[in-house]
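A short worksheet on the structure shown next.
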Amino acid sequence: QVIVKSMGCVILAPLLNEVVKKAKGLDQYQAAITHMTRTCRPNKLLDCMLEIIEGIDPGAISETILALLPHLQSLLRLDEGKAACVGSTLSALQKQLSRLPVPYTEQQEEADEYGLCRCSAALTVFTEPFVEEVKRTDGNCAATAEDEELKIELLKCMRSLREPLLEAELKHDRRSPLWLFAVEIMVTLSAIKEPLPGLLFFSSLRKNILMDNNQFKEARACLAYLLFVQLITIDNFPAVFHVFILQCNMEYISQLLSKKESHLLKGLALFTKSLERVQDNSLPVSLLDLKSFYSNLRRVLTDCPIQHLRESGLQVFQVFINKLDAEAKHKFFCMLKTSNHAGIESYIIKNIRNQFELSMKWGNANEWFLGTEFISLMTLVLCLPQGAQTDLLRSMDVMESLNLLRYVLIRDEELRTNKDVWEELCRIKEEYLKMLRVCISISRAYYSSELKALREDQKLKAKARDAARPTKLVKSITVRKEKVSNMSPEVQHQVLQSALVTFDLMESLIVRIEEITEE
């Protein structure tokens, strides 16, 4: 018995190997390990178990953890100075769980090939008695420093918010194993009386949870997502000042929007839910000084290669515009001159028209979309960035600009009654249309010559394919980031023909605008 107590832990590893391999006599091996947890020196046996966890073979992570967890729990419950041991055990376990691939689909979760779902459920069971112990002593006069330390060590469950939960697809209606794991972590935080506002908005690294600042921020970003999007334990959160919560959440939204797809989805969802709580037309212009409010979202709209994420980003973009007050909308639309992206510029011009139309309705007039302030906005809209050399095929926002100008001239009676404002609008219009006409003329001549060259090239290839000369389009034209020369001749022909039709439409709009002005 003395030998087993002093030296028995050296046979723990070979016994555990037999359990993992599910060898014959499995119950006897389990009974032997259970006996060791009752007779071996606890500290020495715990060190041995932690050493085994640290050195787990990558192919046996889940099986080893599932075999060890019940014995670890029994051992720690017998240990009087358990707080530090619980913390070091949680850290070691979560480090290994972070190495397991995260299942993304419902089929992968059901198969649980690498055991992450089973391990997550087992980890929840492992922490239950220690959480209950904290709940029993909380607020009790007899609570000791050891009890407070145990509470702090249990905060290490937040590591799982970063890995694996930040990577996982979590849906309220699916109730997957990882969803239930997320719920248990949120319930644990609530059970140990850890205030969620403190963790999210006022927390620091003073509590030892073994994460650097960036990792801790990602864990809190997932916490914000679970709280405000999935509404887990939302009843425990005093959500009163919605604008303040939006401002605080922007730190986490920016963090998520700068990452990969799984993070982007959570960031967009958190942005949407944070905005939905805010009243329409209420966000002040001062918030636009915080570049985080739109810089990362703009990057998603312009640079993200995944279409459904860009579409989701555009929906959030519109919700954000709706929440701004009139002055903030005006300032935000002024980013038109720096966006350098035709799609965003066209979308903003549509919103300018919507705001102008709203301001024309009785009781909705405001200085930012009527009169002098509106003229300053039109100055930005009616502008060709490269003058006569502007590539109209890339700057398709020109059509939106012309449509807005036509609409304004038809509807705005106030502009016509204010002589100074009307004259300024006419001056801007004249300069813009004059330059646009020159630009259209140059562009039409260029694209016509390219179309002619393409047709001649096709004729030559039809006559003698081996003597075909290269087309002149190779270095000159790009549509939606794809060189026209990389397209088939038929598609090239369609692109060039469409460009010429677009120029005709622009000229017809110019003629109509001048007719309206004369009237």
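The values are calculated or read from the model by the stated rules, or taken from the named source; none is laboratory data. For clarity, every value in this text was computed on a predicted model and none was experimentally measured. As a convention, Cβ positions derive from the backbone with ideal geometry for all residues, glycine included, and neighbour counts pool all protein chains shown. To get the accessible areas, we keep the full protein, side chains included, count just its heavy atoms, and leave off ligands, DNA and RNA. Shrake-Rupley method; radii C 1.70, N 1.55, O 1.52, S 1.80 Å.
So which helices (runs of 4 or more DSSP H) are wholly in the range 284-396 and hold at least 3 residues that are surrounded by 19 or more Cβ atoms within 10 Å (Cβ to Cβ)? Show your work before the answer.
Working: elements: 295-303, 307-323, 326-333, 336-339, 342-360, 371-381.
Counting at least 3 such residues, we get 295-303, 307-323, 326-333, 342-360, 371-381.
Yes or no: the range 400-409 includes at least one residue that is within 30 Å of residue 488 (Cα to Cα) and at pLDDT 70 or above.
Step one: of the range 400-409, the residues within 30 Å of residue 488 (Cα to Cα) are 400.
Retained after the next criterion (residues that are at pLDDT 70 or above): 400.
Yes; the residues of the range 400-409 include at least one that is within 30 Å of residue 488 (Cα to Cα) and at pLDDT 70 or above.
For a quick check of your reading: which helices (runs of 4 or more DSSP H) sit entirely within the range 181-280 and have at least 2 residues that are of a type in the set (A, V, I, L, M) and open to solvent by 20 Å² or more (accessible area, probe 1.4 Å)?
Details: elements: 196-201, 213-228, 242-257, 261-276.
Per the criteria, 261-276.
Does at least one position in the range 3-18 carry a residue that is open to solvent by 60 Å² or more (accessible area, probe 1.4 Å), of a type in the set (Lys, Arg) and more than 27 Å from residue 84 (Cβ to Cβ)?
no
Could you pull out every one of the helices (runs of 4 or more DSSP H) wholly within the range 33-143 that has 2 or more residues that are in contact with a Leu (Cβ under 8 Å, 6 or more places away or on another chain), open to solvent by less than 60 Å² (accessible area, probe 1.4 Å) and of a type outside the set (S, T, N, Q)? Don't jump to the end; show me each part of the working.
On the way: elements: 42-54, 61-78, 82-97, 106-111, 116-137.
In the range 33-143, 42-54, 61-78, 82-97, 116-137 are the helices (runs of 4 or more DSSP H) which contain 2 or more residues that are in contact with a Leu (Cβ under 8 Å, 6 or more places away or on another chain), open to solvent by less than 60 Å² (accessible area, probe 1.4 Å) and of a type outside the set (S, T, N, Q).
If a residue has to be out of contact with any helix residue (DSSP H, G or I) (no Cβ under 8 Å at 6 or more places or on another chain), of a type outside the set (Ser, Thr, Tyr) and modelled with pLDDT of 85 or more to count, how many in the range 344-391 make the cut?
First, pick out the residues of the range 344-391 that are out of contact with any helix residue (DSSP H, G or I) (no Cβ under 8 Å at 6 or more places or on another chain): 354, 361-363, 376, 385-386.
Within this subset, residues satisfying the condition of being of a type outside the set (Ser, Thr, Tyr) are 354, 361-363, 385-386.
In the following step, the residues that additionally are modelled with pLDDT of 85 or more were identified as 354.
Result for the range 344-391: 1.
Would you mention how many residues in the range 303-327 are closer than 24 Å to residue 354 by Cβ, in contact (Cβ under 8 Å) with a residue 24 or more places away in the chain and under 14 Å from the mean Cα position of the chain (by Cα)?
Total satisfying the criteria: 6.
Which one of the conditions (1) under 22 Å from residue 3 (Cα atoms); (2) free of Cβ contacts under 8 Å to residues at least 40 places away in the same chain does residue 16 fail to meet, given that it meets all the rest?
(2)
Table: residues versus (1) part of a helix (DSSP H, G or I); (2) among the aliphatic types (A, V, I, L, M); (3) open to solvent by 60 Å² or more (accessible area, probe 1.4 Å); (4) modelled with pLDDT under 85.
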position: 433; (1), (2), (3), (4): yes, yes, no, no
position: 447; (1), (2), (3), (4): yes, no, no, no
position: 459; (1), (2), (3), (4): yes, no, yes, yes
position: 502; (1), (2), (3), (4): yes, no, no, no
